[in-house]
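Only one structure is covered here, and it is reproduced in the block below.
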Amino acid sequence: MKIISVETSPFHEMPYRSSGRGETRYNNLPFFIAKTDFLPDGVDAIVALADLQGRENDATTNRLMGVAVADELKTLEELGLIPRVSMILSAGDLYDRPELNKLGATGDVTDVLNAFASNFPIVVAVNGNHDIVDAKGLVENITILDGASTTIEHLSIGGVCGITGKEPRHQRKSPENFRKALIAAMAKSPLVTMMHQTPKGELDTQIGDESTSEFLASSRKTLVIAGHCHWQDLLCSIGDCQVLNVDSRVVVITK
Ligand SMILES: [Fe+2]
């Protein structure tokens, strides 16, 4: 599965609020269309997203922005502005405090995953380094992958949660354990591999983890969906792999 093109301008934007340095930030979440050479039969669109660290604009309801994104995507689908969405691929970091007073706060994102799952048939996710998930509170059609793979709707997907760092910090894996998890996630050569961690890309501005890139450079072909570090240019190739960075954006993948 390969991304052939990504539109340079977003087709849609959703305003939201987030924590800033000492004051609330007001932002727009961009929604992009990407074209792929392959989707399984019966699948018209897959949505990939990550790093929805904020709250909806309405301060009275003040829901996590991912919950509002789920509603927004459903509305876009119902208006015929995007094809029917079969699957959400969530690459993690979906939390911001209700008070919007801490950059990079860690918290419970179970509601966000459940909101995706109540609006769309399938959710596959990896957790970010700021995510806490109540596994018992997740609804049925959500799969979280960590050093594992699955095949859903004839699409094979591997996934690794968290980032490299000092264990036992929250959602951190030592470089060795991250590599082991990647090997396990990619053992069956999945068409898509999800990770929260960003591999270092081709351009200087495509910042990320060098050791993950070195691993991908000698890996079998896969489409990597990553988050965590923001790239202006959201696509790159590493060896036979392609990396789509969905940090702070929503990408609707369609044929
Ligand atoms: Fe992150």
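The values are calculated or read from the model by the stated rules, or taken from the named source; none is laboratory data. The model shown is predicted, which means the values in this text are computed figures rather than measured ones. Quick reminder, even Gly has a Cβ in these numbers, built from the backbone with ideal geometry, and neighbours come from all protein chains shown.
Scanning the range 125-147 turns up no residue that is in contact with an Asp or Glu (Cβ under 9 Å, 6 or more places away or on another chain), within 28 Å of Lys255 (Cα to Cα) and surrounded by fewer than 24 Cβ atoms within 10 Å (Cβ to Cβ). Of all the residues in the range 75-108, those that are in contact (Cβ under 8 Å) with a residue 12 or more places away in the chain, farther than 23 Å from Asn141 by Cβ and away from the ligand (no atom under 16 Å from the Cβ) number 4.
Residues in the range 228-242 include at least one that is farther than 17 Å from Phe32 by Cβ and within 16 Å of the ligand (Cβ to nearest atom). I'd like to know if the range 188-197 contains one or more residues that are of a type in the set (Ser, Thr, Tyr), touching a strand residue (DSSP E or B) at 6+ places or on another chain (Cβ under 8 Å) and under 22 Å from Pro121 (Cβ atoms). Checked against the condition, which is being of a type in the set (Ser, Thr, Tyr), touching a strand residue (DSSP E or B) at 6+ places or on another chain (Cβ under 8 Å) and under 22 Å from Pro121 (Cβ atoms), the range 188-197 yields at least one hit. Close contacts from the range 210-231, counting a first residue that is at positive phi and a second that is within 16 Å of the ligand (Cβ to nearest atom) and acidic (Asp, Glu), with Cβ to Cβ under 9 Å and a gap of 6+ residues or different chains, come to His228/Asp51; His228/Asp93; His228/Asp209; His228/Asp247. The listed residues are Gln197, Gln171, Gln206, and the only one of them that is surrounded by 14 or more Cβ atoms within 10 Å (Cβ to Cβ), on the phi > 0 side of the Ramachandran plot and not hydrophobic (A, V, I, L, M, F, W, C) turns out to be Gln171. Looking at the range 3-98, the strands (runs of 3 or more DSSP E) lying wholly inside it that each contain 3 or more residues that are under 17 Å from the mean Cα position of the chain (by Cα) and not polar (S, T, N, Q) sit at 25-36, 45-50, 85-90.
Taking each residue of the range 149-168 that is more than 17 Å from Lys2 (Cα to Cα) and looking for partners that are among the hydroxyl-bearing types (Ser, Thr, Tyr) and within 16 Å of the ligand (Cβ to nearest atom) with beta-carbon atoms closer than 9 Å, six or more apart or interchain, yields Ile163/Thr198; Thr164/Thr212. Do you know which residues across the range 203-249 are part of a strand (DSSP E or B) and either touching a Gly at 6+ places or on another chain (Cβ under 8 Å) or modelled with pLDDT under 95 (or both)? Across the range 203-249, the qualifying residues are Ala226, Cys236, Ile238, Val243, Asn245, Asp247. Taken together, the residues in the range 144-177 that are more than 17 Å from the chain's Cα centre (by Cα), among the acidic types (Asp, Glu) and part of a loop (DSSP other than H, G, I, E, B) amount to 2. Among the conditions (1) touching a helix residue (DSSP H, G or I) at 6+ places or on another chain (Cβ under 9 Å); (2) among the charged types (D, E, K, R); (3) surrounded by fewer than 21 Cβ atoms within 10 Å (Cβ to Cβ), Arg97 misses just one, which is (1).
Would the range 175-187 turn up any residue that is polar (S, T, N, Q) and within 27 Å of Ala105 (Cα to Cα)? Yes; the residues of the range 175-187 include at least one that is polar (S, T, N, Q) and within 27 Å of Ala105 (Cα to Cα).
This table checks each residue for (1) more than 13 Å from the chain's Cα centre (by Cα); (2) within 13 Å of the ligand (Cβ to nearest atom); (3) of a type in the set (D, E, K, R).
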{"site": "Thr110", "(1), (2), (3)": "yes, no, no"}
{"site": "Val123", "(1), (2), (3)": "no, no, no"}
{"site": "Val126", "(1), (2), (3)": "no, yes, no"}
{"site": "Ile142", "(1), (2), (3)": "yes, no, no"}
